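Written out below as structure tokens is the structure these notes cover.
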Amino acid sequence: MVFNSISDKLIPIQIKGVGKVGCAVLKNLNKNEFKVTEASDSKSTISDPTGLNISEILNIKEHEKKNLNVYISSNNFYDFLDTANRPNIIIDSQETKLLNSHNNYNFYEKILRENNKVIFSARDTLFYGIDILLTEYSKNIGINAALNGIGRYLQSNLELLRNKCLSFSANCHPVSTFLIELIEKGESLENAINFGKEKRIFEYSIEDELIAKNAFISINIAANAIFGYKYDSSIFLQNLKEIDPDLIRYRKAKGKTTRLICSAQAEGAIHLSYLEIEEHSPLYCSSDCVSYSFNLGREKTHVVRGNGVGPLQTALAIFEDLNYLKNI
Ligand SMILES: NC(=O)c1ccc[n+]([C@@H]2O[C@H](COP(=O)([O-])OP(=O)(O)OC[C@H]3O[C@@H](n4cnc5c(N)ncnc54)[C@H](OP(=O)(O)O)[C@@H]3O)[C@@H](O)[C@H]2O)c1
């Protein structure tokens with residue numbers, strides 16, 4: 001009884017996807033304020049309105065590396081959609097699969113229509129329809145983690161950006177920054193990739209990482225949010241394999257560096273390419289963060305850094321959204 005009355009005061013959260021980011025959220029969640037009432041992985045959903053046993057979930061996913069269907073503290077399994085009528089905060093930290101964009105968009109749009117709140121670290125739903133979600137449900141969504149920690153800036157300044165922003169550029173692919181920094185130090189691309197595998201930094205196949213698929217997704221999400229245009233599948237994606245390692249080292253030797261720079265113009269053009277940049281450029285940053293520079297006209301620029309790279313920092317970016325949304 002005492003347990004239930006405490007539990008009733010906690011804010012319920014549902015986590016869709018308990019992989020690296022989802023587990024980092026569970027580990028760092030303030031248990032005096034929140035309870036996790038549902039959690040799901042690719043095979044099952046577990047639920048307990050009084051709060052799931054977080055240690056057991058972490059043990060299953062991180063140590064036993066099994067699916068949630070072996071969870072025993074609760075036997076109450078049901079479809080995620082069944083909960084859509086209850087106001088709730090849902091964290092989407094499942095794998096980003098662009099092929100699911102449309103279905104996931106419909107799924108979350110229904111949840112939002114029913115007055116729930118959704119915090120996205122996965123990017124597929126946003127890739128499909130961030131412009132509409134921000135227009136219709138801006139107070140009920142969080143996009144901070146999906147944009148590596150700059151999403152809260154984008155949401156807070158959306159009106160200004162939609163009215164004034166002429167173009168923006170971003171260094172938003174920490175994976176290629178990581179590889180380039182190693183090449184600059186004399187490693188081959190192959191060795192750099194092997195270091196990356198050891199550090200488990202790749203979210204996609206190596207081929208997709210070399211063409212910066214994640215950056216392509218992020219820049220499209222930001223451009224769609226601000227300028228309203230949908231992605232253009234004909235965008236040319238440069239492959240890091242095609243950049244001469246000696247050119248990367250030459251730029252470094254003369255005090256400059258190479259970064260994958262993405263740019264988007266208000267009138268609808270998106271470009272991604274590995275460019276030489278100055279080390280004091282606003283777009284310069286290491287592989288532990290991303291940097292965006294928004295051109296607001298009349299020589300006014302906003303430069304924003306995001307630290308939401310890697311599971312822990314992504315979880316912290318989710319908590320920024322959580323702290324904002326819980327009070328609304
Ligand atoms: N890691 C980062 O630095 C970072 C930064 C920003 C954004 N993100 C985004 O955050 C998301 C999570 O990243 P991650 O590194 O945690 O990935 P991850 O380790 O691959 O975890 C993905 C999780 O999603 C689950 N899943 C897959 N399909 C599902 C479904 N249909 N329903 C429910 N759960 C499902 C997987 O289940 P199983 O455990 O059964 O496989 C797994 O638990 C990704 O979308 C990623 O793009 C990541």
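The values are calculated or read from the model by the stated rules, or taken from the named source; none is laboratory data. Keep in mind it's a predicted model, so treat the numbers as computed, not measured. Methodologically, a virtual Cβ is constructed for each residue, glycine included, from the backbone with ideal geometry; neighbour enumeration extends over all protein chains shown. Ligands, DNA and RNA are stripped out before the accessible areas are found, and what is left, the full protein with its side chains, is counted by its heavy atoms. Shrake-Rupley method; radii C 1.70, N 1.55, O 1.52, S 1.80 Å.
Values computed for the structure shown
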read-out	value
Test: residue in the stretch 278-292 that is acidic (Asp, Glu), within 11 Å of the ligand (Cβ to nearest atom) and open to solvent by 40 Å² or more (accessible area, probe 1.4 Å)	yes
Selected residue (criterion: modelled with the lowest pLDDT) from residues of the stretch 194-219 that are of a type in the set (S, T, N, Q) and open to solvent by 40 Å² or more (accessible area, probe 1.4 Å)	Ser205
Lone unmet requirement of (1) of a type in the set (Phe, Trp, Tyr); (2) open to solvent by less than 20 Å² (accessible area, probe 1.4 Å); (3) farther than 17 Å from Leu147 by Cβ for Phe236	(2)
Yes/no for Glu38 being open to solvent by 20 Å² or more (accessible area, probe 1.4 Å) and either modelled with pLDDT under 95 or not assigned by TED's automatic domain parsing to the domain that holds Tyr204 (or both)	no
Subset of the stretch 115-137 that is of a type in the set (A, V, I, L, M, F, W, C) and open to solvent by less than 10 Å² (accessible area, probe 1.4 Å) - its residue that is farthest from the ligand (Cβ to nearest atom)	Leu134
Matching residues, the stretch 108-124, being under 12 Å from Lys16 (Cα atoms) and either hydrophobic (A, V, I, L, M, F, W, C) or at pLDDT below 95 (or both)	Val118, Ile119, Phe120, Ala122
Some residue of the stretch 77-98 being more than 24 Å from the chain's Cα centre (by Cα), open to solvent by 90 Å² or more (accessible area, probe 1.4 Å) and modelled with pLDDT of 95 or more	no
Test result for Arg249, open to solvent by 60 Å² or more (accessible area, probe 1.4 Å) and either of a type in the set (Lys, Arg) or out of contact with any strand residue (DSSP E or B) (no Cβ under 6 Å at 6 or more places or on another chain) (or both)	yes
Leu112 being of a type outside the set (D, E, K, R) and within 16 Å of the ligand (Cβ to nearest atom)	no
Candidate set from the stretch 147-198 (those that are polar (S, T, N, Q) and in contact with a Lys or Arg (Cβ under 7 Å, 6 or more places away or on another chain)); member that is nearest to Asp246 (Cα to Cα)	Thr177
Residues within the stretch 138-149 that are more than 16 Å from the ligand (Cβ to nearest atom) and either under 18 Å from the mean Cα position of the chain (by Cα) or without any contact (Cβ under 8 Å) to a residue 12 or more places away in the chain (or both), tallied	2
Residues that are part of a strand (DSSP E or B) and closer than 22 Å to Cys285 by Cβ, drawn from the stretch 218-267	Leu237, Lys256, Thr257, Thr258, Arg259, Leu260, Ile261, Cys262, Ser263, Ala264
Among the residues listed as Tyr292, Tyr284, the single one being under 17 Å from Ile217 (Cα atoms) and either among the aromatic types (Phe, Trp, Tyr) or under 19 Å from the mean Cα position of the chain (by Cα) (or both)	Tyr292
Within the stretch 150-197, tally of residues that are of a type outside the set (A, V, I, L, M, F, W, C) and touching a residue at least 40 places away in the same chain (Cβ under 8 Å)	17
Residue under evaluation Gly17, criteria (1) within 14 Å of the ligand (Cβ to nearest atom); (2) farther than 25 Å from Thr125 by Cα, criterion not met	(2)
